[in-house]
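Some notes on the structure that comes next.
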Number of protein chains: 2
Amino acid sequence: MSDVFKALSDPTRREVLQMLKAGPRSAGDLADAFPVSKPTMSAHFNVLRGAGLVSIEKAGKSVIYHLNVSVLEEALLGFAGAFGLGQRPPAKRSKEEKETP
Amino acid sequence: MSDVFKALSDPTRREVLQMLKAGPRSAGDLADAFPVSKPTMSAHFNVLRGAGLVSIEKAGKSVIYHLNVSVLEEALLGFAGAFGLGQRPPAKRSKEEKETP
DNA sequence: ACAACGATTAGACAATTAGCTAATTGTCAT
DNA sequence: ATGACAATTAGCTAATTGTCTAATCGTTGT
């Protein structure tokens, strides 16, 4: 859980995830979209992978990164849920139930 | 946004927020619930405050911390929303609409 | 076999972080 | 004004982070 939020705390990594939302992409392809060196991007990929937010698939010389939406969902909505956030509007209570608020 | 996720990336700080969910609490009261020194806790409070996740209210010798749910909500659900997460199931589209996916 | 290419690892560096103890500030009651 | 108490600031250390360049590893095409 900490790993996910740590991963999300960097703007570059958040943008990578947003790009991946549109579909899988190669490391170099992703790296080209950012103004930092490829080794730096590789480090970012490792953080994302460590958090379970992305998975890899090797294809020839390339490495394809995939977004793991479920992990993102579990962390974000799971934590939000602990605060009653993002919940379906609670069913209205009857007058009887309301007597014990 | 980065500040919020950075703040959430520490388990102690996440727990502080969870405690604050039940209602406002003094610094020392919060600090007593964790196995670290008070100055360390004070630093954590500063991080939470910098992210806008908590506000303070001074009361005599004490400082009372309040949770800012709206900031948490905006960050968590805002980002989740960018991935189509935590959304009400989208209305079903008619056959005509489906022709242009 | 070898050169070229995509990607990662190795190693270095400055900046940041979480933690501590000791010192300081601010408020209240005596 | 003094003492007690809540909280923060100051100053330190060890560990982690983001970034770089240079070197290495794997795969493909000649």
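For the range B:54-64, a residue qualifies if it is away from DNA strand C (no atom under 16 Å from the Cβ) and under 12 Å from B:LEU30 (Cβ atoms), but none of them does.
Kindly establish whether B:LEU8 is on the phi < 0 side of the Ramachandran plot, modelled with pLDDT under 95 and buried (at least 16 other Cβ atoms within 10 Å of the Cβ). No.
Considering the range A:54-74, the residues that are in contact with a strand residue (DSSP E or B) (Cβ under 7 Å, 6 or more places away or on another chain) and within 16 Å of DNA strand D (Cβ to nearest atom) include one that is farthest from the other protein chains (Cβ to nearest Cβ), namely A:SER62. Considering each of B:LEU17, B:LEU77 in turn, give the residue that is surrounded by 12 or more Cβ atoms within 10 Å (Cβ to Cβ), free of Cβ contacts under 8 Å to residues at least 40 places away in the same chain, within 10 Å of chain A (Cβ to nearest Cβ) and more than 10 Å from DNA strand D (Cβ to nearest atom). B:LEU77 is the lone residue from the list that is surrounded by 12 or more Cβ atoms within 10 Å (Cβ to Cβ), free of Cβ contacts under 8 Å to residues at least 40 places away in the same chain, within 10 Å of chain A (Cβ to nearest Cβ) and more than 10 Å from DNA strand D (Cβ to nearest atom).
Is there a residue in the range B:32-51 that is on the phi > 0 side of the Ramachandran plot and part of a loop (DSSP other than H, G, I, E, B)? Scanning the range B:32-51 turns up no residue that is on the phi > 0 side of the Ramachandran plot and part of a loop (DSSP other than H, G, I, E, B). Listed conditions (1) in a strand (DSSP E or B); (2) surrounded by 15 or more Cβ atoms within 10 Å (Cβ to Cβ) are all met by B:LYS58, apart from (2).
The values are calculated or read from the model by the stated rules, or taken from the named source; none is laboratory data. Just so you know, these numbers come straight off a predicted model, no measurement behind them. When we count neighbours, we look across all protein chains shown, and the Cβ atoms used for this are built from the backbone with ideal geometry, even at glycine.
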